[in-house]
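Have a look at the structure below before the remarks.
The values are calculated or read from the model by the stated rules, or taken from the named source; none is laboratory data. Computed from a prediction, not measured in an experiment: that's the story for all the values here. Don't worry about glycine lacking a Cβ; one is built from the backbone with ideal geometry, like all the others, and counts go over all protein chains shown. In case anyone asks, the SASA skips ligands and DNA or RNA and just uses the protein heavy atoms, side chains included. Shrake-Rupley method; radii C 1.70, N 1.55, O 1.52, S 1.80 Å.
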Amino acid sequence: MDALFNLSMLGLLGFAIWSAVALVRRTRQRRAAWQSGLTAQARVVRAWCTTQLVNNVARRVQWHEYDFTTHDGRVVRFKESGGPHDRAEGQQVLVHYARHEPDKATASEPQPGKDMASTVVWLVLLAACAIFLVHEWIELSRY
């Protein structure tokens, strides 16, 4: 039983660390795209919505898939979540991309302050969860 407990605590800590790394990586990708100054007109190829149930409350997540051509002629397709609900297939939008990672582009407008504040809040929350998990792991391992 101890092994199952230890494995589940390790899994939860691993998930918290993975979430933090993914959050920082996507924030850096968006910042690099905004700071590069490279933009292109993209076409919305597909728009769809997914629903997640969290504590019996439905949460809608809007997804979009975009096609655009970089300044050096490469055709790029990427997906992004959290876009506006009124963006429809076939619509033309401005995307920001970095030269070294055009597939990590973003169609969101530059909001570095808001983006950084959101990232910091989520990282603090994840750190608090990780600290709580480690504390409980130590306390419950004594028995």
field: For segment 50-57, 3J(HN,Hα) per residue [Karplus equation, 6.51 cos²θ - 1.76 cosθ + 1.60, θ = phi - 60°, Hz, x = Gly/Pro]
entry: 10, 10, 10, 9, 10, 6, 6, 10
message: Please check: in the Gaussian network model of the chain (C-alpha springs, under 10 Å), which one of Arg43, Arg74, Arg26 has the largest mean-square fluctuation.
response: Arg74
task: Only helical DSSP H runs with n ≥ 4 go in: add -39500 (n - 2.57) per run for the chain, normalise by residue count and round the 222 nm mean residue ellipticity to 500 deg cm²/dmol.
output: -16500 deg cm²/dmol
statement: The answer for the chain, accessible area per residue at 1.4 Å probe in Å², is 67 Å²
- prompt: To the nearest whole percent, what portion of all C-alpha pairs in the chain is separated by more than 24 angstrom?
  reply: 48 percent
field: Amide H within-cut-off set for Ala40, under 5 Å, with H built and near neighbours excluded
entry: Val95
query: Per-residue HN-Hα couplings for segment 34-41, Karplus 6.51 cos²θ - 1.76 cosθ + 1.60 at θ = phi - 60°, whole Hz, x for Gly and Pro?
result: 5, 6, 5, x, 8, 9, 7, 7
task: Quick one: which residues, 5+ away or cross-chain, put their amide H under 5 Å from the amide H of Gln91? H built at 1.01 Å from N.
output: Val44
query: Which of these, Thr50, Thr27, Thr70, has the largest mean-square fluctuation under a Gaussian network model of the chain (Cα springs below 10 Å)?
result: Thr50
- prompt: Starting at 0 and stepping by 10 Å, how many percent of the alpha carbon pairs of segment 2-72 end up in each bin?
  reply: 15, 22, 35, 19, 8, 2
message: For Glu101, project a label point 7 Å along Cα to C-beta. Then give me every residue of segment 6-46 with its amide nitrogen under 13 Å of that point.
response: 21-36
field: Environment charge of Asp103, counting only residues whose C-beta is closer than 15 Å and scoring Lys/Arg +1, Asp/Glu -1
entry: +4
statement: Comparing Val54, Val21, Val45 in a Gaussian network model of the chain (Cα, 10 Å), the one with the largest mean-square fluctuation is Val54
- line: Whole-Hz Karplus couplings 3J(HN,Hα) for segment 121-133, θ = phi - 60° and coefficients 6.51, -1.76, 1.60, Gly and Pro as x, run 4, 5, 5, 5, 4, 5, 5, 4, 5, 5, 5, 4, 4
- request: Return the carbon/sulfur percentage of the accessible area of the chain, one whole number, probe 1.4 Å, all protein chains in place.
  value: 61 percent
